[in-house]
There are 2 protein chains.
Amino acid sequence: MTTAGPARPTAQAWSAFRPIAPGQARITGGLWATRADRNRSAAIPTGLKQLREFKNLFNFEVAAGRAEGAAIGPIFADSDVYKWLEGAAWEYGRQPDQELLDDILEIVALLAKAQDDDGYLNSVVPVRDGGRYVDLPHHHEFYCYGHLIQAAVALNRAAGRSELLDIAIKVADHLARTFGPDLRHDVDGHPVIEMALAELYRETGEQRYLDLAQYFVDARGTGLIAGYGLPPAYFSDRVPLREQTTVEGHAVRAVYLAAGATDVAVEIHDQELLDALEVQFASMAAEKEYLTGGLGSRWEGEAFGDPFELPTDRAYAETCAAIGGVQWAWRLLLATGKPAYADQIERMLYNGILSGVSLSGDEYFYVNALQLRDRALADTERSVAHGRQGWFACACCPPNVMRTFASLEGYVATADDSGVQLHQYVPGTITAGDLGLTIATEYPWQSTVTITVESAPATETSISVRIPAWAAGATFDGAPAEPGTYATITRTWQLGDRLVLELPMEPRLTVADPRVDAVRGCVAIERGPLVYALEREDQPGAVAPDDLVLDTAAALTEQRSELLEGIVIIKASGAVVDHDAVPGGYTGQPGPEYARRDTELVAIPYHLWANRGPQPMRVWIPVQ
Amino acid sequence: MTTAGPARPTAQAWSAFRPIAPGQARITGGLWATRADRNRSAAIPTGLKQLREFKNLFNFEVAAGRAEGAAIGPIFADSDVYKWLEGAAWEYGRQPDQELLDDILEIVALLAKAQDDDGYLNSVVPVRDGGRYVDLPHHHEFYCYGHLIQAAVALNRAAGRSELLDIAIKVADHLARTFGPDLRHDVDGHPVIEMALAELYRETGEQRYLDLAQYFVDARGTGLIAGYGLPPAYFSDRVPLREQTTVEGHAVRAVYLAAGATDVAVEIHDQELLDALEVQFASMAAEKEYLTGGLGSRWEGEAFGDPFELPTDRAYAETCAAIGGVQWAWRLLLATGKPAYADQIERMLYNGILSGVSLSGDEYFYVNALQLRDRALADTERSVAHGRQGWFACACCPPNVMRTFASLEGYVATADDSGVQLHQYVPGTITAGDLGLTIATEYPWQSTVTITVESAPATETSISVRIPAWAAGATFDGAPAEPGTYATITRTWQLGDRLVLELPMEPRLTVADPRVDAVRGCVAIERGPLVYALEREDQPGAVAPDDLVLDTAAALTEQRSELLEGIVIIKASGAVVDHDAVPGGYTGQPGPEYARRDTELVAIPYHLWANRGPQPMRVWIPVQ
């Protein structure tokens, strides 16, 4: 049934790699299967309840004439419904289930009723906020459309059901009749419509949707959004994307726009635009991305900071931003075939995104800080000091996680004319044309990935595996493999052929660029794709992590543990510092030596912190 | 004419020290005289123009029935007028001028017309935002009253004019008839009314104003402000002030409330409250205050952060918050006589407040960051990357600076039964009873303060001088004096007696508490009361300060300079780091040695940065 995942370039598009349909890349076990199962069994059903409780669905009932009342919730309330629909659609494609489909189609039927005859669809803005398109910078109407269209494409691809696609086409046609270079010249304050229209073009073959996507990309940064009380960068509208050399402004907006622009660039063969996007991504990775893959360092404006402005305590690193980062990286990976983009997807998925969800699957962080101090005040709803929450007044992150976890299989492997490329290591099966593979691995806990050929074409075919940049000493089929490349073996494969990939997972210490003031004099512990963190309750004497220093000369040791459903913990040597005691007296001058005693430091994977209640935590540890 | 400065405890109040009237403490030269002159000649006249241009005065004309139109500007627009009036009033007291008085009285007459018969006065809320007191947490009605009352007290004290006091009394009586334990039980979202009512009590002797101030202090933190979309801490309403152990939430609100509560505590003899306020101040100083005296580390909510959360690039350190910090410290100094509070006033005045104003006197920083990175995006109006601005849409800071600079003489010295205490060192004259002193000094540039007795009582009198905590090696009248104390000499003084205070000003390196992650591995340069900073254009080769490291083993040297109207610059040794080059190759592991070459580092007083255009700057310098 499923014909492609969340991004499917056309045959004409520039595309080094082509996606494999999720149905043909299955995750059958391990960490991500567990998370996907909970996404299905806990997050998606709970999400539907929350959409009822928070009145997102009620708004549509009012719009459909089935209920009466005022529109409730944030101006973009519709989008949460659409993201839930997208998640449910991918999940249905992964494992069909009549009850889930019934839930989906019931909402779709409601949307059909709520849609205006000319295609306009929004349950909040026209009834509460002054009418159609009166305040595009703030009203999120295209943003909601974008998520609707993405859900519609998902439902069509994953379930072969076109009911929602019909609604989306009506919306898109209405948009195309209303906005454009010779019509109303305007853009929405929050991108996502660009990605959505490019995908709708791919799904339907209708050129006008790609044209409109291109128009929205090109119109941005030309001064259409000015004087709206927030700086133009907030709206990704300071300069045209082609002239931008870094990421800036509201992080989710910036990466959604960049992902959509990548879709446009590969479809229209725009090298200048693609080059600019690669430069921006590189700047982000070098200067504006957390070790966890978290994006956006400022609470104010949920924005990217200046270069190297990466505070750990006030890291915003919105779950949605890392999700958008994966979407952008995935599109650049397809376009260019560069393994660094797949490395980025791994970093974001295993750290900055996974931290956004509880082990139970149904509680969420909006913000993914890299440090929680002792005596932190749990003030705003989004503060990590509250721990993960079941839902938010601004509930963008939870259904964004749902659609991501339900479509993860789409990011595992790709194909090209020569064969198949494995990007992410999961136990499962891959089918690409006549080549069928089984993957066995306990990644990310263990280093071995075993690939078994289950079916093979009669001709020579390549099997390529990503060697992560962190994997010094990697071997593929016994031969040394260079980190930061794809290792490729080309053969005429026989059933039962077995290839072993070894990705050494010795725990390692990482330092940051010294211009990252926030972590000067600190190291982070990583192992394989996982960033580690110190959480208070694991430390001897439950010492607050802010009182610990790490001895970089001492060896790190690892240990399997039953903690948190089974992890590898890492132990380091260091000391507890008594910050109130300087033998000889504190002078305020450089070099005070605080009293300290040796101790062991115990680290767990960062993404699992706060699953035993929120507590002091830190990723970057001062060096002894 | 002038009978006291901005805070005048009654004779019954607990008061270790008593303020000296500004008219009896004159600043006749040096840095602060220059700043005060520009405050008078540039800031105050320009401010009045801005109040006209930004329509703050127009709103009152509408309210007075002299013009027609909608209320314009922020909901607290009235308060900017009142703060300007307070500044102009103190300034008039400093140096009477008919034109200035005419300007003041013209506005006062307008206010009298705009005031409702029952005393209510607000030019914005009732005509635009739904009516009187419909949304106390957000509408700032008491906040505006507070500033009105402060202005009225100032005009009465400094100029002996009671016209504005009459209006303020009508306001206060209306408030006292409307709010209270047995009336409407409620508080305003933004404190300042507490300080104002306590001062009105002091000015008029009417107990009901003190009772109302006490009521507003006690009612806070009892849950009156809940569910207003912002956390209770934002409104200083999470817990009662008596139970608070640190400062939290919106920084200006927190310190204004604390200052008002101190006024109440000393007047009603409430030891529990005073003790709690001292604990909160100590926590602020140790864990939540910038080296510059800047207060509030978060842009989000303009708030104090968690303990040790003190980022330099995103320091908020609102000019108004440091001003409020001085007001609070001054009240605690009067109450307790502890020199640490005077040290704090010095730190805030010379650094975090002074940085808020341009040398020209009429451009302002709202935010006082301690670092501006290269390639920083100048986005929001308040971003320091824009440089200082002539005015702001939210113009709280400029007139706050005006009233502070116009009343500075009030903070110089105090008296008690035994004699006089000098807290701040300025060239000028002090009169306390029969004791008259002349102070000669080039402080903060030079170390010598010469005190000459110009008139003396026949009896023994003490002259006490603050020995700043930084002043190791200080001497007073030739004898060693302990930093962090008051050095006192008691004599029967003769005309012409001369005392020399030496406060050694060798440049020094300062380190922060190691829990301040933002400045780990860094030192700051200080000299006397001044914090220094590296600004790009002063560095050899105009290297960005973020590429410099400092050698703490090498000596600091100082040099008089004609730069910026005459300063002492400090030179350090260090290196320029080439962050793109690690000889031998970058491994990502601890200890990369970047290519570097020796250089000189040139530091100027922090408060003067961005007077030659905004440019990369940093206070905390990584150690080589």
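The values are calculated or read from the model by the stated rules, or taken from the named source; none is laboratory data. Everything numeric in this text was worked out from a predicted model, so none of it was measured. Glycine gets a Cβ as well: all are built from the backbone with ideal geometry, and neighbour counts include every protein chain shown. Note: accessible area is taken over every heavy atom of the protein model, side chains too, but ligands, DNA and RNA are not part of it. Shrake-Rupley method; radii C 1.70, N 1.55, O 1.52, S 1.80 Å.
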By how many degrees, between 0 and 90 and to the nearest 10, does the Cα long axis of helix B:207-219 differ from the longest principal axis of chain B? 60 degrees
Under a 1.4 Å probe, counting only protein heavy atoms, A:Lys49 has an accessible area in Å², nearest 10, of 140 Å²
As a test question: what accessible area, to the nearest 10 Å², does B:Trp84 have when a 1.4 Å probe is rolled over all protein chains in place? 0 Å²
Among the Cα-Cα pairs of chain A, the proportion with separation greater than 44 Å, in percent, is 18 percent
Using alpha carbons only, how many degrees (0 to 90, rounded to 10) separate the axis of helix A:98-114 from the longest principal axis of chain A? 50 degrees
Cα-Cα longer than 32 Å, checked against A:Lys55/A:Lys288; B:Lys83/B:Lys571; B:Lys170/B:Lys288; A:Lys288/A:Lys338, kept in input order, equals A:Lys55/A:Lys288; B:Lys83/B:Lys571; B:Lys170/B:Lys288
So what is the accessible area of chain A per residue, in Å², with the probe set to 1.4 Å? 32 Å²
Along the dipole axis of region A:127-231 (charges at Cβ: +1 for Lys and Arg, -1 for Asp and Glu; origin at the Cα centre), the most positive-end residue among A:Leu155, A:Thr204, A:His185 is A:Leu155
Sorted by mean Cβ packing within 10 Å, highest first, what order do the peptides A:146-156, B:339-349 take? A:146-156, B:339-349
Any chance you could tell me what percent of the C-alpha pair distances in region B:1-139 go past 23 Å? 48 percent
Per-residue mean of C-beta atoms belonging to partner chains within 10 Å, peptide B:392-401: 0
Inter-copy label distances at A:Asp117, 7 Å along the Cα→beta-carbon direction, one decimal in nm, shortest first? 5.7
Put +1 on the Cβ of every Lys and Arg and -1 on every Asp and Glu Cβ in chain B; which of B:Ala226, B:Gly574, B:Thr262 then has its Cα farthest towards the positive end of the dipole? B:Gly574
Can you give the net charge of the other residues whose Cβ lies under 14 Å from the Cβ of B:Glu346, counting K and R as +1 and D and E as -1? +1
Could you work out how far helix A:163-178 tilts from the main Cα principal axis of chain A, as a 0 to 90 degree angle to the nearest 10? 80 degrees
Buried accessible area between A and B (1.4 Å probe, both chains summed, ligands and nucleic acids excluded), in Å² to the nearest 100? 4000 Å²
What list of ³J(HN,Hα) couplings, whole Hz, do you get for region B:318-334 from phi and the Karplus terms 6.51, -1.76, 1.60, once you set θ to phi - 60° and write x for glycine and proline? 4, 3, 4, 5, 5, 4, x, x, 5, 4, 5, 4, 4, 5, 6, 4, 4
Quick one: which of B:71-79, A:509-517 comes out on top by average Cβ neighbours within 10 Å, and what's the full order, highest first? B:71-79, A:509-517
Give me the dipole magnitude in Debye, nearest 20, for region B:58-171 about the Cα centre, with unit charges on the beta carbon: positive for Lys and Arg, negative for Asp and Glu. 220 debye
Give the peptides A:480-489, A:430-439 in descending order of average Cβ contacts within 10 Å, highest first. A:430-439, A:480-489
If every Lys and Arg gets +1 and every Asp and Glu gets -1 at its Cβ, then about the Cα centre region A:509-622 yields a dipole, in debye to the nearest 20, of 160 debye
Helix-only [θ] at 222 nm, chain B, -39500 (n - 2.57) per DSSP H run of 4+, per residue, nearest 500, equals -10000 deg cm²/dmol
1/(1 + (r/R0)^6) with r = Cβ-Cβ of A:Asp118 and A:Ala282, R0 = 51 Å, i.e. FRET efficiency to nearest 0.05, evaluates to 0.75
Using a probe of 1.4 angstrom, how much of the accessible area of region A:483-528 is carbon and sulfur, in percent? 52 percent
If you count, for every residue in A:510-518, the Cβ atoms of partner chains within 10 Å of its Cβ, what is the mean? 6
Computed over region B:313-471, the Cα gyration tensor eigenvalues, each multiplied by 5 and square-rooted, give semi-axes in Å (largest first) of 36, 15, 14
Net charge dipole size for chain A [Lys, Arg +1 and Asp, Glu -1 on Cβ; Debye, nearest 20]: 460 debye
Within 10 Å of each Cβ in peptide B:311-317, how many partner chain Cβ atoms are there on average? Round it to a whole number, please. 5
Bins of 5 Å from zero: percent of alpha-carbon pairs in region A:413-502: 3, 15, 28, 27, 18, 8, 1, 0
Counting all C-alpha pairs of region A:509-622, share separated by more than 18 Å (%): 52 percent
Counted charge near A:Pro507, where neighbours are those whose Cβ lies closer than 12 Å (Asp, Glu -1; Lys, Arg +1): 0
Let me test this: with uniform point scatterers at the alpha carbons of the protein assembly as shown, what is the Debye-based log₁₀ I(q)/I(0) at q = 0.04, 0.08 1/Å? -0.25, -0.95
As I understand it, the dipole of region A:509-622 uses +1 on the Cβ of Lys and Arg and -1 on the Cβ of Asp and Glu, about the Cα centre. Which of A:Val511, A:Leu608, A:Thr557 lies farthest toward its positive end? A:Val511
